[in-house]
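What follows is a set of notes on a single structure, which appears directly below.
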Amino acid sequence: MSSTPFLAPAVQGDDEELEQSLRPRRLDDFVNQERTKEQLGIALEAARTRGEALDHVLLVGPPGLGKTSLAYIVREELDVGIRTVAGPALEKKDVAAILTTLEAHDVLFIDEIHRLSRTAEEILYPALEDFRIDIVMGQGAAARTLALDLPPFTLVGATTRTGLLTTPLRDRFGMTFRLGYYEPVELASIVRRSARILAVEIAGEAADEIARRSRGTPRIANRILRRVRDVAQVRHEGSITTEIAREALHLHEVDEQGLERIDRELLGTILGKFDGGPVGLSTLAVALGEEPDTIEDVYEPYLLQLGFIQRTPRGRVITKLGRAHVGATAADETLF
């Protein structure tokens, strides 16, 4: 049976297809993460030389840093098939069905693997260690277990929250790579490469401007580039200059630090409504009309990285840097 990609609904659609086209296809094309590239490159070469499946790989890091791209690079470097699934969508029967269709040395990529159900996870244990799955036939006293052998394959798991992985699952990965945020110069290189793929002319300073406001994240840099391209094509001649880039960034409410409107609202809420903090996460979520997990996983990491807020035992507190960014002082805490 052919190992054509199995794409979960979360990775379909026009923007997602375009994002796929912007992904680097080879390890040499992947920007940054040099230590990860070196270690993974050695493992890939060793697997090719021995004619074996690559050991299971766990990719850890915030969203948008290249975990999915690395999974597809593994597939390209090994010239094998890949099946892509989302952890939250996997049920026990789905895991068994997917595993039995894998061919030798194929890659199974599970995104947000920390959100696997416990029953689905337990199916994976013998598959990862012994390349077999146990299927229970029948019920009650007449039930018996049938062991099905699987061809050697590579599981590539991606997670934004490694602490939520169970120890038995985490210990079954032979390699764990932690991806870090990108420097502006590295993001500028990615922006220029993506502009070439999108066939849009961009000035060097414009690429630098986009890179500086991209939160150290390639996915955000590519997203901003597409929106800037739209403004350049609709309101101007198509080429992206520094002035056009700034115009588009202002239109989409992305400030000099890369903060968007919701980020500034979060800072303003802590400062204006809660006297600068501390304020509990659940209270902050109600005030913003957001889910606590969204605030904790999506908005806070970058604000913490910039030093604009602090997490304390009593709640979230805005820092002096955060106050300065929203144009407030300790004496005048009025925002918006």
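The values are calculated or read from the model by the stated rules, or taken from the named source; none is laboratory data. Model, not experiment: these values are computed from the prediction. A quick note on method: Cβ atoms are made from the backbone with ideal geometry, for glycine too, and the neighbour counts reach across all protein chains shown. The accessibility values were calculated without ligands, DNA or RNA, using every heavy atom of the protein model including side chains. Shrake-Rupley method; radii C 1.70, N 1.55, O 1.52, S 1.80 Å.
Once region 71-110 is narrowed to residues that are charged (D, E, K, R) and under 20 Å from residue 53 (Cα atoms), the residue that is surrounded by the fewest Cβ atoms within 10 Å (Cβ to Cβ) is 79. Taken over region 292-310, the criterion of being in contact with a strand residue (DSSP E or B) (Cβ under 8 Å, 6 or more places away or on another chain) and more than 16 Å from residue 257 (Cα to Cα) is satisfied by 310 alone. Scanning region 130-166 for residues that are open to solvent by 80 Å² or more (accessible area, probe 1.4 Å) and either at pLDDT 80 or above or of a type in the set (Ser, Thr, Tyr) (or both) yields 130, 145, 149, 164. Inspect all residues belonging to region 44-55 and state whether any of them is modelled with pLDDT of 85 or more, within 16 Å of the chain's Cα centre (by Cα), surrounded by fewer than 17 Cβ atoms within 10 Å (Cβ to Cβ) and not in a strand (DSSP E or B). Within region 44-55, none of the residues are modelled with pLDDT of 85 or more, within 16 Å of the chain's Cα centre (by Cα), surrounded by fewer than 17 Cβ atoms within 10 Å (Cβ to Cβ) and not in a strand (DSSP E or B). Note on region 309-325: residues that are buried (at least 16 other Cβ atoms within 10 Å of the Cβ) and over 19 Å from residue 283 (Cα atoms) total 3. Filtering region 164-187 to residues that are part of a helix (DSSP H, G or I) and free of Cβ contacts under 8 Å to residues at least 12 places away in the same chain leaves only 167. Please tell me if residue 276 is at positive phi, modelled with pLDDT under 90 and small (Gly, Ala, Ser). Yes; evaluated as a whole, the condition is true for this residue. The single condition among (1) open to solvent by 60 Å² or more (accessible area, probe 1.4 Å); (2) at negative phi that residue 199 does not meet is (2). The set of residues in region 225-240 being surrounded by fewer than 24 Cβ atoms within 10 Å (Cβ to Cβ), of a type outside the set (Gly, Ala, Ser) and without any contact (Cβ under 8 Å) to a residue 60 or more places away in the chain consists of 227, 229, 230, 231, 233, 234, 235, 236, 237. Restricting attention to region 241-280, which residues are under 15 Å from residue 223 (Cα atoms), among the hydrophobic types (A, V, I, L, M, F, W, C) and crowded, with 18+ Cβ neighbours inside 10 Å? Across region 241-280, the qualifying residues are 245, 248, 249, 254, 259. Filtering 65, 124 for residues that are buried (at least 19 other Cβ atoms within 10 Å of the Cβ), modelled with pLDDT of 85 or more, within 30 Å of residue 186 (Cα to Cα) and not small (Gly, Ala, Ser) leaves a single hit, 65.
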